[in-house]
Structures are given as C-alpha cells and as structure tokens.
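The values are calculated or read from the model by the stated rules, or taken from the named source; none is laboratory data. No experiment lies behind these values; they were computed from the predicted model shown. Reconstructed Cβ throughout: ideal geometry from the backbone, glycine too, with neighbour counts over all protein chains shown.
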Ligand SMILES: [Zn+2]
C-alpha cells in the first residue's frame, strides 16, 4: 500500500531523468523562442500552461488507447470486463465475501442470501459461539455470527 501511494505521488529519479532528456531535446528548443523577452513571472506561467497541456495530451492518448482496445473486443469480452469491475466493487465495499463461484452447485441458493435480509430466519448456529445465525451468515460468513466472523478475520 505504502509503495503504491508513493508510486502515484512521486516520480522516480529514472522518470525525472527521462523527462529532463525529453525536455532538453523536444521542448526547450521551441520554448526558448517563446520565452525570449518575457518577464520571469510570464515565463513561469507559460511553462506551467505548457505542462498542463502535456498532461492533457497524455491523458487523451491513454483514453484513445482504451477506446481502441474496447472497439476490438467482442460484446462478450466487454461484458467480462464490466463483470470483473463490479465484482471488484463488491470486494472494496467491505462485504467480506468469499469468492463468488457460479459453478458451485449451491450457487443460486447462496446468491439468494447474498444480501442480509430481515426475514432471514436464524435457523442455524454459529460454529464458534453457537449463537443463532441466518442463511446469509451460513453462506457468506463461514457459518459464523458477525461478531465471530469479524473477530476471526481480525476486523
Ligand atoms: Zn459467533
């Protein structure tokens, strides 16, 4: 996690070196002409605008690439991508789910109790503390009541 955050916020020495080389070669020769005779403040502002412009262009390129990729995919492949995305959301919502496995013979039955419902009769009992639990906990919380399950997962 810490690594990812760092990765997003800071440029590595290598990246800065690459940027510097690109700047010297491609950007500076043209910019030098534009900046000639400007006040320092104006020159900084023009550089700032140029930087924003480069970022925007890079984002546009990324977007176009993604769009081209999508245009080459079949409907089925696109569906897969969307499905993957929404499953990811479920995970990140902190539902603490086991993997959803459509090939599980119990899959349909399990999906009925995917969301905890008020009318879920507590006809089962927690395998740890014996407290009555419903089918939601039976299928999705490893046969444990919420307390034991979250305790078990260290949450
Ligand atoms: Zn329990």
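When region 35-52 is filtered for residues that are assigned to a helix (DSSP H, G or I) and either outside the structural domain of residue 19 (by TED's automatic domain parsing) or under 18 Å from residue 24 (Cβ atoms) (or both), the ones remaining, listed by number, are 35, 43, 46, 47, 50, 51.
For residue 108, are the conditions met, namely being more than 30 Å from residue 23 (Cβ to Cβ), away from the ligand (no atom under 16 Å from the Cβ), exposed (fewer than 12 other Cβ atoms within 10 Å of the Cβ) and modelled with pLDDT under 80? So residue 108 fails the test. When restricted to residues that are under 16 Å from residue 110 (Cβ atoms) and out of contact with any strand residue (DSSP E or B) (no Cβ under 9 Å at 6 or more places or on another chain), region 129-148 contains 4.
Quick check on residue 92: is it more than 10 Å from the ligand (Cβ to nearest atom) and modelled with pLDDT under 70? Before the answer, list the steps.
Details: more than 10 Å from the ligand (Cβ to nearest atom): yes; modelled with pLDDT under 70: yes.
Yes.
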